[in-house]
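Student: The structure follows.
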Amino acid sequence: MGKIDDKIYALYKGEDILITGTIKQIAEYRNIKEKSVRFMLYPAYKNSQGDSKKALALVLLDEEMDQQAEYFPKQVEKEPVTKKDLPKVFLSKK
């Protein structure tokens, strides 16, 4: 595994995935600073969001991607993956 800036994350709003990519890519997508995206990884941020269905959550995908690489496009390291790029199995709500 590389440093934090090289890892792939998914940004969720409630149960909906907004984007996947590196910290830098997610920051550019949200038009915020990289340190603001990194802050989403801290427990203090998670606690401040509570159980809101509109809360943003940043989730590390690297380990999951290594195990299930066939479900993700190869360009994920260079370009963020959007909702339309993911198979339906990842988007289904239970």
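Student: Run down V76, V37 and say which single residue is at pLDDT 90 or above, surrounded by 14 or more Cβ atoms within 10 Å (Cβ to Cβ) and assigned to a helix (DSSP H, G or I).
Tutor: It is V37.
Student: Does A10 satisfy being touching a Ser or Thr at 6+ places or on another chain (Cβ under 9 Å), more than 15 Å from A57 (Cβ to Cβ) and crowded, with 17+ Cβ neighbours inside 10 Å?
Tutor: Judged against the criteria, A10 is not a match.
Student: Okay, next question. Restricting attention to region 19-34, report how many residues are part of a loop (DSSP other than H, G, I, E, B) and over 14 Å from L56 (Cβ atoms).
Tutor: Number satisfying all stated conditions: 2.
The values are calculated or read from the model by the stated rules, or taken from the named source; none is laboratory data. This is a predicted model, so every value here is computed, not measured. Glycine also receives a Cβ, built like all others from the backbone with ideal geometry; neighbour counts cover every protein chain displayed.
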